[in-house]
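One structure is given here, and the rest of the page talks about it.
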Amino acid sequence: MNRRRLLGQHTLIDPTVVNAIVKAAELKGDEVVYEIGTGSGALTEQLCKAASSVISTEIDEKLYNAALSRLNYPNLILVKGDGFNIDVAFDVFVSSLPYRSSSRFIRWLLGKRFKRAVVLLQKDFVDKLLAEVGSKHYRAVSVLAQYAFNISPILSVPPTAFSPKPKVHSSVVVVTPKPNVDLSGEVVKTVYKLFALRKKKVSTALKILTKDVELGCLPQDLLVKRIAALTPSEAIGLAELLVKRYDRTL
């Protein structure tokens with residue numbers, strides 16, 4: 001199987017979509033832009049024309065070498081490797097992410113300081129990010145995304161915008177951080193643990209996750225709710241309480 005397919009990579013080739021992404025980034029010319037997935041370099045090239053500095057990473061060696069040969073911009077730094085594992089400060093994040101990296105992207109972004117992100121994601125995943133409380137698509141990633149970010153879909157993208165063509169539609173979304181949100185890794189992990197039991201009542205889920213939980217410290221109306229019925233604030237509050245009370249991730 002083609003390595004790009006194994007990595008979940010579909011290269012964006014539609015210039016209209018590229019231009020829409022760059023426009024949505026609202027670059028003023030003095031920002032540091034970070035891109036994960038250089039790909040063909042079509043998006044990277046336009047970012048270089050609009051930003052003060054662009055740092056672009058590519059994990060695929062052939063694509064990285066091709067970008068090195070083709071892209072010659074003094075404000076561009078190309079890095080070969082996994083962009084999620086590179087420690088870099090940036091103002092704006094822009095990317096056409098491999099579909100398989102979507103959930104990882106949200107968890108990664110939770111630990112970053114940034115002004116704005118414009119990302120091309122699988123439409124089904126965007127629907128999950130924006131899912132209503134209690135709906136079948138409402139998951140841990142929905143809780144984390146809705147609690148920490150403002151997320152606005154701005155453009156629907158058909159399979160014909162990529163090479164090779166994926167079997168699904170995509171969406172461009174703009175993500176901005178909500179103020180005063182600071183989620184520890186322990187809290188994030190605990191939210192995922194809770195939502196692995198999303199159909200259980202809170203009281204039952206807590207008994208499964210930890211034997212020494214004291215249910216009396218929690219409101220009765222919360223205990224009788226199912227995990228999937230918790231609002232983002234309730235789910236985060238419960239996770240923070242558990243981490244603080246037991247000084248560990250569940």
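Laid out as a table, the results:
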read-out	value
1 or more residues charged (D, E, K, R) and closer than 30 Å to TYR138 by Cα: qualifying strands (runs of 3 or more DSSP E) within the range 1-119	32-36
Candidates ALA89, ALA131, ALA145, filtered to the one that is touching a Phe, Trp or Tyr at 6+ places or on another chain (Cβ under 6 Å) and assigned by TED's automatic domain parsing to the domain that holds HIS169	ALA131
Residue that is surrounded by the most Cβ atoms within 10 Å (Cβ to Cβ) [pool: residues in the range 229-250 that are of a type in the set (Ser, Thr, Tyr) and modelled with pLDDT of 85 or more]	THR231
The range 145-161: number of residues that are surrounded by fewer than 21 Cβ atoms within 10 Å (Cβ to Cβ) and either more than 15 Å from the chain's Cα centre (by Cα) or not in a strand (DSSP E or B) (or both)	8
Residue list for the range 207-228, restricted to those being buried (at least 16 other Cβ atoms within 10 Å of the Cβ) and out of contact with any helix residue (DSSP H, G or I) (no Cβ under 7 Å at 6 or more places or on another chain)	LEU218, ALA228
Options VAL187, VAL213, VAL168: the member that is part of a helix (DSSP H, G or I) and touching a residue at least 24 places away in the same chain (Cβ under 8 Å)	VAL187
Considering residues of the range 162-191 that are surrounded by fewer than 19 Cβ atoms within 10 Å (Cβ to Cβ) and under 19 Å from ARG139 (Cα atoms) only, the residue farthest from the chain's Cα centre (by Cα)	GLU186
The range 134-185, residues that are among the hydroxyl-bearing types (Ser, Thr, Tyr) and within 16 Å of VAL94 (Cα to Cα)	SER152, SER170, SER171, THR176
Residues of the range 44-87 classified as more than 20 Å from VAL22 (Cβ to Cβ), among the small types (Gly, Ala, Ser) and under 22 Å from the mean Cα position of the chain (by Cα), total	1
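Let's see how each residue does on (1) over 25 Å from VAL22 (Cβ atoms); (2) crowded, with 21+ Cβ neighbours inside 10 Å; (3) of a type in the set (A, V, I, L, M, F, W, C); (4) without any contact (Cβ under 8 Å) to a residue 60 or more places away in the chain:
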{"residue": "ARG100", "(1), (2), (3), (4)": "no, no, no, no"}
{"residue": "LEU109", "(1), (2), (3), (4)": "no, no, yes, no"}
{"residue": "LEU121", "(1), (2), (3), (4)": "no, yes, yes, yes"}
{"residue": "GLY134", "(1), (2), (3), (4)": "yes, no, no, no"}
{"residue": "VAL143", "(1), (2), (3), (4)": "yes, yes, yes, no"}
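The values are calculated or read from the model by the stated rules, or taken from the named source; none is laboratory data. Note that this is a predicted model, so its numbers are computed, not measured. Glycine gets a Cβ as well: all are built from the backbone with ideal geometry, and neighbour counts include every protein chain shown.
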